[in-house]
Amino acid sequence: MFSTFDAQAMVLAAGRGERMRPLTDHIPKPMLQVRGQPLMQWPMQALARGGFVRQLVNTAWLGEKIPAHFGERITWAGLPEVEIAYSHEGQDFGHALETAGGIVRALPHLAEVFWVVAGDVFAPDFVFAPGSVRRFAASTALAHLWLVPNPAHNPSGDFGLSASGQILNLAKGSVGCDHTFSTIALYKRSFFAGCGLLPGNPDGVALALAPLLRAAMDRGLVTGEVYAGDWTDVGTPERLAQLNRDLPRITA
């Protein structure tokens, strides 16, 4: 897999991207170009800007193409060097492990508190702030999520949010289910302690994250806040094309 690493952040990049076909038939979805660079490079650079330079990336579909592009160390102009470790789910098990399964697979190599962000979401203005990590680490919460107002493609929402910052496990479409999970979050390792998988997920069990989050919400252990900046779940070729029409390309 990889050596001891103690990553500060995990970038999810293992999905097949079925809805993006045929674009993803020959390139991993997080490597699709937005503004002249791979989509997943945007959160990786934003993490580095916040000082989170030990990053772990999981791979599955066409996973060899990601380390071939980024390598194990990379420096972007004006940013500190980023050290990258990889969890090759496809290589190890022949398939992706879903979000929770992939995180548990990487858990022995993640810090006590760590960021998780999907490599196929575009949120160019999000700030990965050390202060957010400190506040979360000092809290009793096991997860802290950033939510966005429900977009057109998810009008029924994912969760509610109380005035005190508790995320509420509401049924989709119910009153107060006004927010969609941005995929950006902070977790404590202990969040995954009761998920039923061994640390490192040696059997390669696929496990979804949403049921774990909803169970923790019911125990009052998930907090959150609203992110009001630009945000796009790049889930269709049309959304990708729209981003590249609306935004200038990087030329330097």
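The values are calculated or read from the model by the stated rules, or taken from the named source; none is laboratory data. What you see is a predicted model, and the numbers here were worked out from it, not measured in a lab. FYI the Cβ positions are ideal-geometry reconstructions off the backbone, even for glycines, and counts take in every protein chain you see. Note: areas computed on protein heavy atoms with side chains; ligands, DNA, RNA excluded. Shrake-Rupley method; radii C 1.70, N 1.55, O 1.52, S 1.80 Å.
Key figures for this structure:
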item: Set of aspartates and glutamates near Lys65 by C-alpha distance (under 19 Å), chain-local residues within fewer than 8 positions excluded; result: Glu18, Asp25, Glu83, Glu89, Asp92, Asp120
item: Farthest positive-ward along the chain dipole, Cα basis, beta-carbon charges - from Tyr187, Gly17, Phe136; result: Phe136
item: Listed candidates (i) 19.5, 66; (ii) 17.3, 48; (iii) 20.7, 68 - label of the one calculated as Rg and Dmax of the Cα atoms in Å; result: (ii)
item: Phi-based couplings in Hz for segment 175-190 (Karplus 6.51, -1.76, 1.60; Gly and Pro marked x); result: 4, x, 7, 9, 10, 10, 5, 6, 5, 8, 7, 10, 10, 9, 3, 5
item: Rounded D (µm²/s) - segment 35-152, Kirkwood Rh over Cα pairs, Stokes-Einstein at 20 °C, 1.002 mPa s; result: 137 µm²/s
item: For segment 24-41, 3J(HN,Hα) per residue [Karplus equation, 6.51 cos²θ - 1.76 cosθ + 1.60, θ = phi - 60°, Hz, x = Gly/Pro]; result: 9, 5, 10, 8, x, 3, x, 9, 4, 7, 10, 6, x, 8, x, 3, 5, 5
item: Cα centroid separation, segment 84-149 to segment 178-213 (Å); result: 9 Å
item: Lys, Arg +1 and Asp, Glu -1 on Cβ, resulting dipole of segment 1-158 about Cα centre, debye, nearest 20; result: 300 debye
item: Amide hydrogen neighbours beyond the local backbone of Leu56, cut-off 5 Å, H modeled; result: Ala9, Met10, Val11, Ala85
item: Peptide ranges 82-92, 99-109 listed from the most packed, as the mean C-beta count within 10 angstrom indicates; result: 99-109, 82-92
item: By average C-beta atoms within 10 angstrom, highest first, the peptides 51-57, 11-17; result: 11-17, 51-57
item: Heavy-atom SASA rank of Asp233, Asp203 (probe 1.4 Å, accessible area, largest first); result: Asp203, Asp233
item: Whole-Hz couplings from phi, Karplus 6.51/-1.76/1.60, listed for segment 15-22; x for Gly and Pro; result: x, 7, x, 4, 5, 8, 5, x
